[in-house]
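Notes follow once the structure below has been shown.
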Amino acid sequence: MISSKTRVGIVGYGVIGKRVAQAVACQGDMELAGVADVVADWRIQAAAARQFPLYAADPSATSAMRDAGLELRGSLDDLLDVCDIVVDCTPKRVGARNAERYRTAGKRFILHGGEKHDITGHSFVAEANYASAVGRDSTRVVSCNTTSIVRTLGALKRAGLLKRARGTLLRRATDPWESHLGGLMNTVHPEPSIPSHQDPDARSVDAELDVVTMAVAVPMTIAHVHYWTVDLTRAATEEEVRAAFASSSRIALLRGDAGLVAPNVVKELMADSGRPHDSLYEVGLWADMLRVQGTELFYAYMVDNQAIVIPETIDAIRALAGHPALASESIAMTDSALGMGTPFAAKAKA
């Protein structure tokens, strides 16, 4: 019997790849065809422990992986033979090199935000442009920061409140697991250009956004933090703005007066709630910090850079597969499978 599930191959089992693999394994309409990588250390050993089918992403890695006791199903070409869609989670620029290989194999594929928009000709955030990705041969899930920008400004736009937005990003210096390798200490590092790259990246998803971003790297590893000033189309109440944000299942309204005062505390809540890898898939927006003065809106939020793109990637898989055709159906399926919305059910009270 032929499975009706979409068979997904993942190339690269790092920070994003392992989270995508876990998320795919949770979906009722998907099957993890396998994982390809070039390492033989604890990272891929964790995939083996989960009994994920393993492949060598490059022939040069085969011997070392087998010597480490890994049971390989074959090469990257073998993985391409048994999957319907490839999700490339490799480091920056590697995915760009792999793209032609996927095209030659006739496989639909997804790249991530480290790659250029031009490689796929389409950049993806589910709530904004799912429909335009349906049936395409490829798309690019934008970066963590860009995803947060499109989600939050998109919520305001759908409510008819968004005129223009200006944001300052406090970017984490490195991923937590790599912080022993180096990073900022006793300083911050302003990005040398204004706007920062998130500005044009957001417009690659929604060309109508009037947005300018500035960014500075700071000595922290847990998450990014954004501060935004938005010109509204009209005077609005804070309650109305909170309701606009709450309309998105992918924005969690946090409350500092409930003790959720900083990214590390929110991540601890994710751990206590049993989220895989302590993942905050939502934008964590501080609802009680939000302020409106006339037609000006001020707010701040955190971005879990290791997790926020995971639900978008799952929706991108469905879009390329062509089912379901409606964004709302895919988003609901993804959210349910990943346990999104909990433990934030209290956000409706905001």
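Residue by residue, the range 241-255 carries 3J(HN,Hα) couplings of 5, 4, 5, 5, 5, 5, 5, 9, 5, 10, 10, 9, 7, 8, 10 Hz when phi is fed to the Karplus relation 6.51 cos²θ - 1.76 cosθ + 1.60 (θ = phi - 60°); x denotes Gly or Pro. Full extension of the chain between Arg73 and His197 yields a length gain of 40.7 nm, computed as 0.36 nm times the residue separation minus the alpha carbon distance.
Coupling constants for the range 274-288 follow from the phi torsions by the Karplus curve (6.51 cos²θ - 1.76 cosθ + 1.60, θ = phi - 60°), and in residue order they are x, 5, x, 6, 6, 6, 9, 6, 8, 6, x, 9, 7, 5, 7 Hz; glycine and proline get x. Amide H to amide H, with H built 1.01 Å from N, Arg108 comes under 5 Å of Val86, counting only residues 5 or more places away or on other chains. Running Debye on the chain with equal point scatterers at the Cα sites and no solvent, what base-10 log of I(q)/I(0) appears at q = 0.06, 0.07, 0.11, 0.14 Å⁻¹? With one equal scatterer per Cα and no solvent, log10 I(q)/I(0) is -0.21, -0.29, -0.72, -1.17.
Dipole magnitude for the range 1-144: about 240 debye, using +1 per Lys or Arg Cβ and -1 per Asp or Glu Cβ, origin at the Cα centre.
Positive end of the dipole of the chain (Cβ unit charges, origin at the Cα centre): among Ile222, Tyr130, Ser273, the Cα lying farthest that way belongs to Tyr130.
Expressed as a whole percent, the accessible area of the chain that falls on carbon and sulfur atoms is 53 (1.4 Å probe). Considering only Tyr299, Val241, Asn264, and ranking their Cα positions along the charge dipole of the chain that arises from unit charges at the beta-carbon of Lys, Arg, Asp and Glu, the one farthest toward the positive end is Val241.
In terms of the mean number of neighbouring beta-carbon atoms within 10 Å, the peptides 9-22, 69-82 order highest first as 9-22, 69-82.
Measuring between their Cα centroids, the range 211-278 and the range 119-148 lie 22 Å from each other. Once the chain from Asp137 to Asn186 is taken as fully extended at 0.36 nm per residue, the excess over their C-alpha distance is 13.1 nm. Taking the alpha carbon gyration tensor of the range 120-166, multiplying each eigenvalue by 5 and rooting it gives semi-axes of 22, 12, 7 Å, largest first. Close amide H contacts of Asp288 (hydrogens built in the peptide plane, cut-off under 5 Å, sequence separation of 5 or more or a different chain): Gly256.
With the charge dipole of the range 225-320 set up from +1 on Lys and Arg Cβ and -1 on Asp and Glu Cβ about the Cα centre, the Cα lying farthest toward the positive end among the listed residues Met289, Ile317, Leu254 is that of Ile317. Computed about its Cα centre, the charge dipole of the chain is approximately 260 debye, with only Lys, Arg, Asp and Glu carrying charge at their Cβ.
The values are calculated or read from the model by the stated rules, or taken from the named source; none is laboratory data. On a predicted model such as this, the values are computed, not experimentally measured, just so you know. Ideal geometry is used to build each Cβ from the backbone, glycine not excepted, and the neighbour counts take in all protein chains shown. Just so you know, the surface numbers come from the protein's heavy atoms only, side chains and all, with ligands and any DNA or RNA stripped out. Shrake-Rupley method; radii C 1.70, N 1.55, O 1.52, S 1.80 Å.
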